[in-house]
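Engineer: So that we are looking at the same thing, I have put the structure below in structure tokens.
The values are calculated or read from the model by the stated rules, or taken from the named source; none is laboratory data. What you see is a predicted model, and the numbers here were worked out from it, not measured in a lab. So basically every Cβ, Gly included, is an ideal-geometry build from the backbone, and we count neighbours across all protein chains shown. Calculation scope for accessible area: heavy atoms of the full protein, side chains included, ligands and nucleic acids excluded. Shrake-Rupley method; radii C 1.70, N 1.55, O 1.52, S 1.80 Å.
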Amino acid sequence: MSSDIIVEVGKKKYIVKRDRLYTETDEWVKIEGNKGVVGITDYAQKELRDIVSVELPEVGSTVSKGKRVGALDSVKATSDYYAPLSGRVTRVNEKLTETPELVNNDPYGEGWIFEIELTNPGEASSLLTPEAYAEKIKSHSAKPTH
Amino acid sequence: MRGIHLLDYYVEKLGAEPGAYGDWEVPYRFSGAIEEHLEVRERVAFFDVTHMGRLLVKGEDAFDFLQYIYTKDLKDIKQGRMSGPTLSLNDWARVKDDEMLYKLGDHEWLIVVNALASGKMIEFFKRVREEKGFKVEITDLTNEHTMLAIQGPESTRVMELLGASWAGSLKPLEFKMNETLAVGEVYLVSRSGWTGEDGYEVWAKPDVALRIVEALVKAGVKPAGLIARDTLRIEAGFVLGGNEYGEDPTRFPCAVGLRYGMGAITWGKKGFIGEEALRACRREGPRWARYGLKFSKEAGRIVPRHGDAVYVEDIQVGWVTSGMYSPVLKRAIAQAYIDTRYAVVGEEVEVSVKGKRFEAKIVDFPFVAKK
């Protein structure tokens, strides 16, 4: 926990975990062996807030890096999420069907969305490091949001 | 942007997440909009609604001035009572704003206007006054008082806790002024709100309001933000500018189809702005009318959005104006304009949500009955 990066923007704080990689579209992927677990970041869940549904992929389906996988619906907005890496879906977080708020409450843990078996692990080199993602949040949040 | 008086307190002490609403900065949420929504339906929570525009209209022509502007007949409203929602129209019988009037006396009324319409309405009131020569003074009280809304089935108990032992004797839409509560004097207390639950609204100087908020927090009453306020009003069947109504006749139907109920329009009344077009719309029969749509539980956790199309077979018969997944009903609901030829309560329609069709039933408001 102590090694998390805390990005402070104005009055808001965002956590970036050091043990995973990130995308420009605010997903994280935690790679273990030839598998990757995917979710959305603390920043993304705080932008969306009040998540009421998560559209999950089907186990066995294939996803491609940068392509849309599903969507999250919050009270106020719908937001697509994308595959950080290419692969075949091996597990989905079924708990999110009944308790989608887990994405808000624990985006890096209980709120994970799906797991893939990586078909092209080399793609990971183009993902953002935790430090680079933290910088991205800072520069993005500096813009007026309304 | 201007923050409401107590914004820093909410952010620093209560963990509010602030956001923009028009040119205001207000708390969007505290613990989370869904939790806050349920807290209001099941127990009690408080909102800070200081962004609502509040105007004092005073002068010998105050009554005539207001009669000329609003669709509701104000002559039967007693001193110490609110009008219930009423509408201000433009010449196309489209709605400028839905507002609430408070009768302080024959020549003295308060108007509560929507935050986003506030600037426009003040200009409009002044223009009407100049054009027609009404003798009225219009004073903007918005910055004078903080306005709190204590809402939920337990709200009377909370008001008693604040020292308003008489609160429970107020009838809906009744108000009292210049009362002394445990923490100091307040300007106005009314039995009202915008959540569809029992509740009270309190106007007080910011320092007194802060002590009220501290007392509420100490008593375990949860704060709630603007997002929950919106979902509560959708479930209650209340309307919001930009969603259910607006001035543009190409985007919004005439006010007859708003079906606001609660006596928002008095047909027996004559001589108000927009009347001609409103009566024409009534005689011709409104093409569109606002109804509720209740989705089946099987549709799951979908969120119908403003603009989603409503179908009967392959014919588009309407569009969604506001939608949500109701945490109370555990199903999706929406407010929608439906072509009046197809608007049969109890009938089924289909709604396209994110490109997929879902069945829904046409229902009347509210979706959720008051506790």
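Engineer: Sticking to Cα atoms, compute the Rg of chain B to one decimal and its Dmax as the biggest Cα-Cα distance, whole number, in Å.
Structural biologist: Computed over the Cα atoms of chain B, radius of gyration and Dmax are 20.6, 62 Å.
Engineer: While we're on this one: Within straight cross-link reach of A:K12, meaning Cα distance under 16 Å, which lysines are found once same-chain residues fewer than 8 apart are removed?
Structural biologist: Within the straight-line cut-off, A:K12 pairs with A:K46, A:K136, A:K138, A:K143, B:K13.
Engineer: On to the next question. With θ set to phi - 60° and the Karplus curve 6.51 cos²θ - 1.76 cosθ + 1.60, what are the ³J(HN,Hα) couplings of segment B:335-342 in order, to the nearest whole Hz, using x for Gly and Pro?
Structural biologist: 9, 8, 8, 10, 3, 4, 5, 10
Engineer: When the Karplus curve 6.51 cos²θ - 1.76 cosθ + 1.60 is applied with θ = phi - 60°, which whole-Hz ³J(HN,Hα) does each residue of segment B:26-31 get, with x for Gly and Pro?
Structural biologist: 9, x, 6, 7, 10, 7
Engineer: Run down the lysines and flag those whose C-alpha is under 17 Å from the C-alpha of B:K78, throwing out any fewer than 8 positions away in its chain.
Structural biologist: Leaving aside lysines fewer than 8 places away in the same chain, those within reach of B:K78 are B:K58, B:K103, B:K171, B:K176.
Engineer: Further question on the same structure: What size of dipole, in debye to the nearest 20, comes out for chain B about its Cα centre when the only charges are +1 on Lys and Arg C-beta atoms and -1 on Asp and Glu C-beta atoms?
Structural biologist: Numbers: 52 positive and 55 negative charges, 146 e Å.
Using only the charged Cβ atoms, the result is roughly 700 debye.
Engineer: A follow-up question, please. Would you mind pulling out the separation of the Cα centroids of segment B:72-150 and segment B:308-343, in Å?
Structural biologist: 31
Engineer: Take B:E42, project a point 7 Å from its Cα along the Cβ direction, then tell me which residues of segment B:330-346 have their backbone nitrogen under 16 Å from it.
Structural biologist: B:330-331
Engineer: Hey, any idea what Rg/Rh is for segment B:135-187, computing Rh the Kirkwood way over Cα pairs? Provide the component values of the computation, followed by the final result.
Structural biologist: Details: Rg = 13.4 Å, Rh = 12.9 Å.
Across segment B:135-187, the Cα-based Rg/Rh ratio is 1.04.
Engineer: Using a probe radius of 1.4 Å on heavy atoms only, what accessible surface per residue do you get for segment A:1-69? Whole Å² is fine. Present the calculation step by step, with values, prior to reporting the outcome.
Structural biologist: Details: 3480 Å² over 69 residues.
That works out to 50 Å² for each residue.
Engineer: Please find, in a Gaussian network model of chain A (springs between Cα atoms separated by less than 10 Å), the residue of A:E117, A:E27, A:E94 whose mean-square fluctuation is greatest.
Structural biologist: So, out of A:E117, A:E27, A:E94, the one fluctuating most is A:E94.
Engineer: So, with +1 on the Cβ of K and R and -1 on the Cβ of D and E, and no other charges, what is the size of the charge dipole of segment B:163-217 about its Cα centre, to the nearest 20 debye? Working shown, then result.
Structural biologist: On the way: 5 positive and 8 negative charges, 20 e Å.
My answer is approximately 100 debye.
Engineer: What dipole magnitude, in Debye to the nearest 20, does the protein assembly as shown give about its Cα centre under +1 on Lys/Arg Cβ and -1 on Asp/Glu Cβ?
Structural biologist: 540
Engineer: Where in segment B:189-209 is the amide nitrogen less than 16 Å from a point lying 7 Å along the Cα-to-Cβ axis of B:E160?
Structural biologist: Counting backbone N atoms under 16 Å from the label point, the list is B:199-200.
Engineer: Over segment B:96-144, calculate the relative contact order: mean separation of alpha carbon pairs under 8 Å at least 6 apart, over the residue count, as a percent. Present the calculation step by step, with values, prior to reporting the outcome.
Structural biologist: Details: 28 pairs, mean separation 11.2, N = 49.
Worked out over segment B:96-144, it gives 23 percent.
Engineer: Only Cα pairs under 8 Å and at least 6 apart count here; give the relative contact order of chain B as a rounded whole percent.
Structural biologist: Value for chain B: 18 percent.
Engineer: Let me see the pair-distance distribution of segment B:287-371: every alpha carbon pair, 10 Å bin width, integer percents in order.
Structural biologist: 20, 58, 20, 2
Engineer: Also, I was wondering about something else. Could you count how many Lys pairs in segment B:287-371 have their Cα atoms under 12 Å apart, skipping same-chain pairs fewer than 8 positions apart?
Structural biologist: Values: B:K294/B:K330; B:K294/B:K361; B:K297/B:K330; B:K297/B:K361.
Within segment B:287-371, the lysine pair count is 4.
Engineer: Then there's this: Using alpha-carbon pairs under 8 Å, 6+ residues apart, how would you state the relative contact order of segment B:287-371 in percent?
Structural biologist: Working: 206 pairs, mean separation 30.9, N = 85.
It comes to 36 percent, rounded to a whole number.
Engineer: Determine the gain in length on full extension of the stretch B:D106-B:R279; use 0.36 nm per residue of separation and subtract their C-alpha separation, reporting nm with one decimal.
Structural biologist: Details: separation 173, 0.36 × 173 = 62.28 nm, distance 2.85 nm.
Full-extension gain reported as 59.4 nm.
Engineer: Projecting each Cα onto the charge dipole of the protein assembly as shown (Lys/Arg +1, Asp/Glu -1 at the beta carbon, about the Cα centre), which of B:A16, B:V344, A:N120 comes out farthest on the positive side?
Structural biologist: Going by the Cα projections, it comes out as B:V344.
Engineer: Express in Å², to the nearest 10, the accessible area of B:M121 obtained by rolling a 1.4 Å probe over the protein heavy atoms while all chains stay in place.
Structural biologist: My reading of the accessible area for B:M121 is about 0 Å².
Engineer: How many Å² of accessible area per residue for segment B:217-281, probe 1.4 Å? If you can, show how the numbers build up before the last one.
Structural biologist: Details: 2350 Å² over 65 residues.
On a per-residue basis, segment B:217-281 sits at 36 Å².
Engineer: Give the carbon-plus-sulfur fraction of the accessible surface of the protein assembly as shown in %, rounded to a whole number; probe 1.4 Å, heavy atoms of protein chains only.
Structural biologist: On the way: 10680 of 22080 Å².
Ligands and nucleic acids excluded, carbon and sulfur give 48 percent.
Engineer: Using only Cα atoms, figure out Rg for the protein assembly as shown and give it as a multiple of 2.2 N^0.38 Å.
Structural biologist: Values: Rg = 25.1 Å, N = 517, 2.2 N^0.38 = 23.6 Å.
This ratio for the protein assembly as shown stands at 1.06.
Engineer: Another question, if that's okay. Using θ = phi - 60° and the Karplus form 6.51 cos²θ - 1.76 cosθ + 1.60, what ³J(HN,Hα) does each residue of segment B:224-229 get, whole Hz, x for Gly and Pro?
Structural biologist: 9, x, 5, 5, 5, 4
Engineer: In µm²/s, what is D for segment B:5-83 at 10 °C and 1.306 mPa s, where D = kT/(6 pi eta Rh) by Stokes-Einstein and Rh is the Kirkwood radius from Cα pairs? Display every interim value, and only then the final one.
Structural biologist: Working: Rh = 16.0 Å.
Translational diffusion coefficient: 100 µm²/s.
Engineer: Take the eigenvalues of the Cα gyration tensor for chain A, scale each by 5, and report the square roots as semi-axes in whole Å, largest first.
Structural biologist: Working: eigenvalues 102, 70, 35 Å².
They are 23, 19, 13 Å, listed largest first.
Engineer: Shifting gears a bit: How long, wide and thick is segment B:124-220, going by the Cα atoms along their three principal axes, in whole angstroms, largest first?
Structural biologist: 51, 28, 20
Engineer: For n ≥ 4 DSSP H runs only, could you compute -39500 (n - 2.57) per run for chain B, divide by its residues and tell me the 222 nm figure to the nearest 500?
Structural biologist: Numbers: 8 runs with 82 residues, N = 371.
About -6500 deg cm²/dmol.
Engineer: Okay, moving on. Given just the C-alpha atoms of segment B:178-305, how large is their convex hull per residue in cubic angstrom?
Structural biologist: Working: hull volume 23.8 nm³, N = 128.
So the per-residue Cα hull volume is 186 Å³.
Engineer: Does any residue of segment A:58-92 lose at least 40 Å² of accessible area with all protein chains in place compared with its chain alone, and if so which ones (probe 1.4 Å)?
Structural biologist: In segment A:58-92, residues shielded by partner chains: A:D73, A:V75, A:K76.
Engineer: Still on this structure, please answer the following. Do any trypsin sites (Lys or Arg not before Pro) in segment A:50-111 lie in a DSSP loop with no more than 13 other beta carbon atoms within 10 Å, and if so, which?
Structural biologist: Working: sites: A:K65, A:K67, A:R68, A:K76, A:R88, A:R91, A:K95; in loops: A:K65, A:K67, A:K76.
Here the trypsin sites (Lys or Arg not before Pro) that fit, given the DSSP loop and packing criteria, are A:K67.
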